[in-house]
Structure formats: C-alpha cells, structure tokens
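Structure first, then comments.
Laboratory data are not the source of any read-out in this text; all were calculated from the coordinates shown. Keep in mind that what you see is a predicted model, and the values were worked out from it rather than measured. Glycine gets a Cβ as well: all are built from the backbone with ideal geometry, and neighbour counts include every protein chain shown.
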Amino acid sequence: MTPKQVPATAQGVVVRRAEMKEAEAVLKSVLNLARASATAAHWSRAAFHPYLSTDEAGGALQAKAMFLACTDPAKCATEAGGSHTPIATVDGIVGFAAFSTIMTVGVGESTLENMAVAIPWQRQGIGCRLLKAGLHWCRAHAAGTVFLEVRASNRAAVALYERAGFSAVGNRPGYYRDPAEDGLQMQKSLGRAARAG
C-alpha cells in the first residue's frame, strides 16, 4: 500500500480548543474543511473568527468556542481542559465543532452551531470527542440545555447526537439549501445530574 492508500486512523488525534493566537492557520483550515463538507454550514471566514478563544471578560453573558481535532500531537499538545502550550501553527485539522452559549445560571442555553469531520476520519469517534469537549464547555458556562439543527437525511450525525443524549424536538421545513432540506431540531439537557457527553 502506498501512503495515499493507507486509511486514516484516529490514533494520535488530539481534541482541544482553538486559540486566538493561531487564528490564521485555524481559520484557513477550518474554512476549507467546512467547504468540503456536504453537511457543515458553509460560513464565511469572518463568521468563524468569533469562535476562537480569548480571555473571557468577567460578567459576559455570551461566549463562543471552537474545538479542533488535530493529527499532529507535537503541534496540538493540549487536550480540551488540559494545560496550555503555545502553538505557532496548526496543521492537520481533521475536524472542528463550534459552540455558542448564553449564560444565565442554571437556565443558560448553548448551541452547537457548526461541526464537520473530514471524510477519511469519519466513523472513528472524532465527532463524539469534539461533541464531548463542547458539552463540557457548555456546562462550564452555565448552560442547562444544548440545541442543534441537523439535516434530516444525515442519519450518521443524528445517530451520533442521539448516542450523546440529544432528542428530536422539532422540524424546520426548508432550513437547509444546496440541496434544500428540512432541519431536524434536537436538544440535550445538561441538568445537574446529567453527564456532559
């Protein structure tokens, strides 16, 4: 087998939060990944920028975060919730998940805004790891409930979300374009007894 024929493996993939200091590399990689995905929202570069972490101001009522799945542990040495190591560049981004939250103690709401995993890396638990990191972040930011929309035909994503404890709560006719399709609304409670992920 040539290197191009070797299937991708999730061994060595690190999931961690994106940092503002690596904006140029992250935004380029994530934008390309989203555009290549048939199911991710095709945002502009400017739409991704607010999801890069900064020092959060005390008292803020809204927050955004992006989690990355990277293939190079030497460059992506920090897992979500781990220690922070300065990173000059980010190569090998194979997945991302973008979350937002409105913080109101005990009743705050979060949303999984956008998520994609590169095709060769799918069905290896990377989406689950990205989701779990994001759910932990949501809970830490006082979210009681997490919402998302997914293409109704994306059975693999719906199954992933159901395994993570999301349930269908509604339908948005014609929510998606290119191709036109209904959006399935899902939610998950992060109540005090609930586990994140």
Report the trypsin sites (Lys or Arg not before Pro) located in segment 125-197 that are in a DSSP loop and have at most 10 other Cβ atoms inside 10 Å of their Cβ, or state none.
R177, R192
For L190, residues with placed amide H under 5 Å, excluding near neighbours:
T145, V146
For segment 100-197, report the translational diffusion coefficient in µm²/s to the nearest whole number, using Stokes-Einstein at 4 °C, 1.567 mPa s, and a Kirkwood Rh over Cα pairs.
93 µm²/s
Spelling out what I want: for every residue of segment 142-152, take phi, set θ = phi - 60°, compute 6.51 cos²θ - 1.76 cosθ + 1.60 (Karplus), and round to whole Hz; glycine and proline get x.
6, 7, x, 9, 10, 10, 7, 10, 9, 4, 4
What is the fewest-to-most order of F99, F147 by other Cβ atoms lying within 10 Å of their Cβ?
F147, F99
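Can you tell me which of 33-42, 62-71 comes out highest on packing, and rank the rest after it, using the mean Cβ neighbours within 10 Å? Walk me through the numbers on the way to the answer.
On the way: 33-42: 15.5, 62-71: 23.3.
By packing density, highest mean first, the sequence is 62-71, 33-42.
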